[in-house]
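Only the coordinates and a few stated rules stand behind these numbers; no lab work does. Note that the structure is predicted; figures quoted are calculated from it, not measured. Cβ atoms come from the backbone with ideal geometry, glycine included; neighbour counts cover every protein chain shown.
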Amino acid sequence: MRRFCISALIALMTTAAFSAESVTLSREECIDIALSTSPTVKVADMEVKRMEYAKRESQSGLYPTIDFQAAYQRSIELQTIRMDMGGQSQNLKMGSDNTWNMGFTASLPIIAPQLWKSINISQTQILSAMEAARASRLELVNQVNKAYYSLLLAVASREVVQQNYDIAKFNADLFEKQFAAGTASEYDVLRSSVQVKNIEPELLQADIAVRQCKLQLVVLMGVDYNLDIEPSVTLKDMQRDMYGYALGADTGLSNNSSLRSLDLNARMLDETVSLRKRAWIPTVGASYNMNWLSLSNGSPFKNQSFNPYSNVSLAVNIPIFSGGSKYYALKQAQAQRLELDLQRENLINGLQMQVDLALDNINREVMQISSSEENVQQAEKAYTIMQKSFEIGAATYLNLRDSELAKTSAQLAYYQSIYNYLCSTSELDLLLGKEYESKQAKQ
């Protein structure tokens, strides 16, 4: 079901891009598409497959190795020996003009401690590659989350600037009408007109910011950059379900990707130490040879008679002395393992500090949202009062403009605080290694 939904979304976006229409997507839908199409995730998955092939390569050493060999030798000058026979010396030619030798060789390791341990190391390498792929997905989810939140912030900021522009435009038109009726001065008309011109660059910059956020999102999703994505929610909608996150969050570091990768590296070093120790253990191998030999003179393709011969052998290799290379290789692995313990301790302290700071930031941002929301309400009320006062002539245009700017600043600060909170929760999810679950998976 999840793959079907993702395929349907990609088909919908392709159609929308072809027809130059915008498509509305939720944050979850953007993440699902990114996880399915991102080259970074695909490379990480291919790395896992490569490690699986490496493990199978190591396992192949447990099976017999069978080879076929064939060799032909042509004698240019036969070997001559001199023999004394009855007091007389005589030269004898030995060998034949043609020598054919072919056969099969099979070998099988019987006792191979290092080979057995290398298979375990290959399994740990697969787990390490899987953790790297998981880390890539976590990082991609965090990037898509922040890009989507940036788009929401850009859209909300543009709406605020647009409202400010509409108010300034309305006031400018109102002053022009009043000037034509003789109830307003030319100075008021010029001042209101200049205010409209001052807001136009801000409106243009807001449009550019929205476009940049959309481009960043489509790049992370790995889809056509000409696609116009519209968010399905607003920042204010996101505020409804975000409270209580810090209270219900599991702040344990057991799922942190960096810590899990370090633990897998420690496990791999433990197995490497064991592998170095097994270098002193004797190895036993068996082999079987089945060959055919033909010796002839004259043409190499005539009068050939292949005679079979075979043998079975058992070889024992006992390491005695290697100049200390095995000993120092073991010491290197043990030193690396001790270094990793120190690194792990330092990493845990650093991660715990980051978690505590992230929770403090989230709690502070919650209070900032509440304060900003109250500030918006007060600014809107102050603007309403000032607007009515201006209409009856009890306030100047400068007073009205100050209230407009105060309301705009309060709204932008409010949206910025929501954005900061959402980005902080996403960063905390990445830090804690919290995996993303799509709606289809939850259902």
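Rounded to the nearest whole Å³, what is the per residue volume of the convex hull around the Cα atoms of the range 19-58?
Considering the Cα atoms of the range 19-58, their hull volume per residue is 80 Å³.
Divide, for the range 119-249, the radius of gyration over alpha carbons by 2.2 N^0.38 Å, where N is the residue count.
Taking N as the residue count of the range 119-249, the ratio is 1.74.
If I fit a long axis through the Cα atoms of helix 113-181 and take the longest principal axis of the Cα atoms of the chain, what angle between them do I get, 0 to 90°, rounded to 10?
20
What is the packing order of peptides 212-222, 388-398, 371-381, taking the mean over residues of other C-beta atoms within 10 Å and listing the highest first?
Output ranking for 212-222, 388-398, 371-381: 212-222, 371-381, 388-398.
Return one number: the angle in degrees, 0 to 90 and rounded to the nearest 10, between the long axis of the Cα atoms of helix 257-277 and the longest principal axis of the Cα atoms of the chain.
10
How about the range 309-381: which chymotrypsin sites (Phe, Trp or Tyr not before Pro) there lie in a loop by DSSP and see at most 13 other Cβ atoms within 10 Å?
Passing sites in the range 309-381 are Phe321.
Please determine, in degrees from 0 to 90 and to the nearest 10, the orientation of helix 39-59 with respect to the longest principal axis defined by the Cα atoms of the chain, where the helix direction is its Cα long axis.
Tilt relative to the chain: about 20 degrees.
Once phi is turned into θ = phi - 60°, what whole-Hz ³J(HN,Hα) does the Karplus curve with 6.51, -1.76 and 1.60 give for every residue of the range 318-332, x standing for Gly and Pro?
Residue by residue, the range 318-332 yields 10, x, 10, 8, 9, x, x, 5, 5, 5, 6, 5, 5, 5, 4 Hz.
Give the relative contact order (percent, whole number) for the chain; include only Cα pairs under 8 Å separated by 6+ residues.
It comes to 23 percent, rounded to a whole number.
Specify which labelled value, from (i) 17; (ii) 51; (iii) 11, agrees with percent of Cα pairs over 42 Å apart derived from the coordinates of the model shown.
Working out percent of Cα pairs over 42 Å apart from the coordinates points to (ii).
Counting Lys and Arg as +1 and Asp and Glu as -1, each charge on the Cβ, what is the dipole of the chain about the Cα centre in debye, to the nearest 20?
It comes to approximately 2300 debye.
Once both labels are modelled 7 Å past Cα along the beta-carbon direction, what's the Glu176-Arg344 spacing in nm?
7.4
Kindly provide the GluC sites (Glu not before Pro) of the range 30-112 that DSSP labels as loop, not H, G, I, E or B, and whose Cβ sees at most 16 other Cβ atoms within 10 Å.
In loop regions of the range 30-112 (DSSP not H, G, I, E or B), the sparsely surrounded GluC sites (Glu not before Pro) are Glu77.
At a Förster radius of 45 Å, what calculated FRET efficiency corresponds to the Cβ-Cβ distance of Leu295 and Thr65, to the nearest 0.05?
0.95
Rg and Dmax of the range 56-116, Cα atoms, in Å?
Both quantities, over Cα of the range 56-116: 22.5, 69 Å.
When ranked by the protection proxy of mean other Cβ atoms within 10 Å per residue, highest first, what sequence do the peptides 37-46, 413-422, 91-100, 269-278 form?
413-422, 269-278, 37-46, 91-100
Roughly how many Å is it from the Cα centre of the range 174-211 to that of the range 69-140, as a whole number?
A separation of 89 Å, based on Cα centres.
Once you have the Cα-Cα distance between Glu52 and Ile281, take 0.36 nm times their residue separation minus that, and quote the gain in nm to one decimal.
79.7 nm
Counting only residues 5 or more places away or on other chains, whose amide H sits under 5 Å from the amide H of Ala184 once H atoms are built in the peptide plane?
Result for Ala184 returns Phe179.
Counting only residues 5 or more places away or on other chains, whose amide H sits under 5 Å from the amide H of Gly433 once H atoms are built in the peptide plane?
Ser257
In vacuo Debye scattering of the range 325-443, one point per C-alpha: log10 I(q)/I(0) at q = 0.23 Å⁻¹?
Values returned for q = 0.23 Å⁻¹ are -1.15.
Taking all pairs of different Cα atoms in the range 174-284, averaging 1/r and flipping that mean, what Kirkwood radius in angstroms comes out?
Its Kirkwood hydrodynamic radius stands at 22.2 Å.
Name the long-range amide H neighbours of Asp228: under 5 Å, sequence gap of 5 or more, or other chain; modelled H, no Pro or chain starts.
Val23
Rg and Dmax of the range 390-442, using alpha carbons, in Å: what are they?
Reported Rg and Dmax, both Å: 21.0, 61.
Convert each backbone phi in the range 359-376 into a coupling constant with the Karplus relation 6.51 cos²θ - 1.76 cosθ + 1.60 (shift: θ = phi - 60°), then list the ³J(HN,Hα) values in order as whole Hz, x for Gly and Pro.
3J(HN,Hα) across the range 359-376, in whole Hz: 5, 5, 5, 5, 5, 5, 5, 4, 5, 5, 5, 4, 5, 5, 5, 5, 5, 5.
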